[in-house]
């Protein structure tokens, strides 16, 4: 276990005991990656921000039910995913971006070939790649977040890697 992971688990335990400072530290730590994952899910920063805020509010109400502090990573990403799905379901004013639009938004935000390539992947494969490589979640944790079996995560990760290689080659050939 890394020192950072130990600190996160300590914050979880302190937050469960009622420490507002520890809960704030958790929120500050996970906010950037939760927003990033939210954007990956829905393609829109405002919706991702709303979903992340809602997820953190939900976390404040449910953190005492988290039995294993080490599971906080997947717990937060799952909450963000649920909130994005709820917003999409209940608010028709949000329209999902087309994959080509998402590529442009991502390219403008970071102008990075890898980010562009990830954005070009099919939705579920992009989510698996994002969670595995950018957020460092295990296949089991990703399965928990996306509510799919670990074997399915592994097969999607394999397929996503192949498509990611192809997308990177295309992007680099264009440059």
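The values are calculated or read from the model by the stated rules, or taken from the named source; none is laboratory data. Computed from a prediction, not measured in an experiment: that's the story for all the values here. For neighbour counting, all protein chains shown are included, and Cβ atoms are generated from backbone atoms with ideal geometry for every residue, glycine included.
Failed condition for residue 136, given (1) modelled with pLDDT of 75 or more; (2) outside the structural domain of residue 57 (by TED's automatic domain parsing); (3) more than 30 Å from residue 17 (Cβ to Cβ), with all others met?
Result: residue 136 fails condition (3) only.
Residues being out of contact with any helix residue (DSSP H, G or I) (no Cβ under 6 Å at 6 or more places or on another chain), surrounded by fewer than 19 Cβ atoms within 10 Å (Cβ to Cβ) and closer than 14 Å to residue 72 by Cα: count how many of those fall in segment 25-53.
3
From the list 74, 60, pick out the single residue that is surrounded by fewer than 18 Cβ atoms within 10 Å (Cβ to Cβ), in contact (Cβ under 8 Å) with a residue 12 or more places away in the chain and not assigned by TED's automatic domain parsing to the domain that holds residue 125. Walk me through how you get there before you give the answer.
On the way: 74 fails: surrounded by fewer than 18 Cβ atoms within 10 Å (Cβ to Cβ).
Sole residue among the options that is surrounded by fewer than 18 Cβ atoms within 10 Å (Cβ to Cβ), in contact (Cβ under 8 Å) with a residue 12 or more places away in the chain and not assigned by TED's automatic domain parsing to the domain that holds residue 125: 60.
Only residues that are under 12 Å from residue 154 (Cα atoms) and assigned to a helix (DSSP H, G or I): list them for segment 118-143, please. Let's see the steps before the verdict.
To start, the set of residues in segment 118-143 that are under 12 Å from residue 154 (Cα atoms) comprises 125, 128-129, 132, 138-143.
Once the filter is applied, which keeps residues that are under 12 Å from residue 154 (Cα atoms) and assigned to a helix (DSSP H, G or I), segment 118-143 yields 125, 128, 129, 132, 139, 140, 141, 142, 143.
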